[in-house]
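The values are calculated or read from the model by the stated rules, or taken from the named source; none is laboratory data. No experiment lies behind these values; they were computed from the predicted model shown. Quick reminder, even Gly has a Cβ in these numbers, built from the backbone with ideal geometry, and neighbours come from all protein chains shown. Surface accessibility is based on the protein's heavy atoms, side chains included, excluding ligands, DNA and RNA. Shrake-Rupley method; radii C 1.70, N 1.55, O 1.52, S 1.80 Å.
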Amino acid sequence: MSGEEVTLSEEESHHIVKVLRLPVGSEIELLDGRGGVYRAELLSLGRRVAARIVAPVATAGGAGRQLTVYQAILKGEKMDTVVQKCTELGVSRLVPVRSRRCQGGRDDERDARRLERWRRIGVAACKQCLRPVLMDIAMPLAVADLASHCQAQRRLLFWEEERALHLRGLADWGETASAALFFGPEGGLAGEEVELLRQGGWVTVSLGERILRAETATLGAVAIVQYLLENL
Ligand code: SAM
């Protein structure tokens, strides 16, 4: 790997040449998104920058215990914020979900465009927080597909109408090998969606009496659970 020459994407090249304005010979850090971080030296500039790997950089350990977030697709920038903050908080995988009260029905073309945008936001967030492994962002799923889709040991459905079990009431996080958290859209989940998920092994859990905005619930709960999983 050291000594190997690499060619950067047009987007990364533009950032180096036009935004950072780095000269040939400068040293940069490259992330391969699969856990590898490398020091590299700029060999040539232009539409596609060339660099030579100098040496690997030690990174902060592995991904830790896996946390998957299933997020009912939120409107506009709120979903961008969830992608960015879940990346920073070390979420392993983000699965966008189309639920009954999400804006707009199934539209594969629009989903593909949005997925491309979310993945770009995820890469930028990875670079900013020096996260060596990209957060995986899956193609959007329907709620009905979720029951069979999730393999996590602990599956928590955050539901504002839950009165019996609070997140605080859950113990044994030390033995939790993997967890999945589900959050509804701005308009909440329909009753039959909650029932379907419960039948699929999801446990409804409360974050307290206040009704939180969708993005607040997600980011607050993810931060707490990542702390409990010792990923934060
Ligand atoms: N039914 C809500 C209302 O009347 O405004 C709309 C849903 S809330 C804005 C968006 C999502 O945040 C919910 O689907 C749920 O996943 C989560 N959420 C909000 N407050 C919560 C709470 N106190 N406990 C658990 N989840 C909550």
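Tabulated data
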| item | result |
| --- | --- |
| Filter result for A112 (among the hydrophobic types (A, V, I, L, M, F, W, C), at negative phi and not in a helix (DSSP H, G or I)) | no |
| Selection from the range 195-214 of residues that are more than 9 Å from the ligand (Cβ to nearest atom), assigned to a helix (DSSP H, G or I) and either open to solvent by less than 20 Å² (accessible area, probe 1.4 Å) or in contact with a Gly (Cβ under 7 Å, 6 or more places away or on another chain) (or both) | L197 |
| Subset of the range 170-194 that is near the ligand (Cβ under 6 Å from one of its atoms) and crowded, with 18+ Cβ neighbours inside 10 Å - its residue that is nearest to the chain's Cα centre (by Cα) | F183 |
| Residue within the range 116-126 that is over 14 Å from D80 (Cβ atoms), open to solvent by less than 10 Å² (accessible area, probe 1.4 Å) and touching a strand residue (DSSP E or B) at 6+ places or on another chain (Cβ under 7 Å) present | yes |
| Count of residues meeting criterion [within 13 Å of the ligand (Cβ to nearest atom), farther than 22 Å from R98 by Cα and not in a strand (DSSP E or B)] in the range 149-169 | 6 |
| Strands (runs of 3 or more DSSP E) completely within the range 1-54 that count 1 or more residues being touching an Asp or Glu at 6+ places or on another chain (Cβ under 7 Å) and either open to solvent by 40 Å² or more (accessible area, probe 1.4 Å) or not acidic (D, E) (or both) | 27-31, 37-44 |
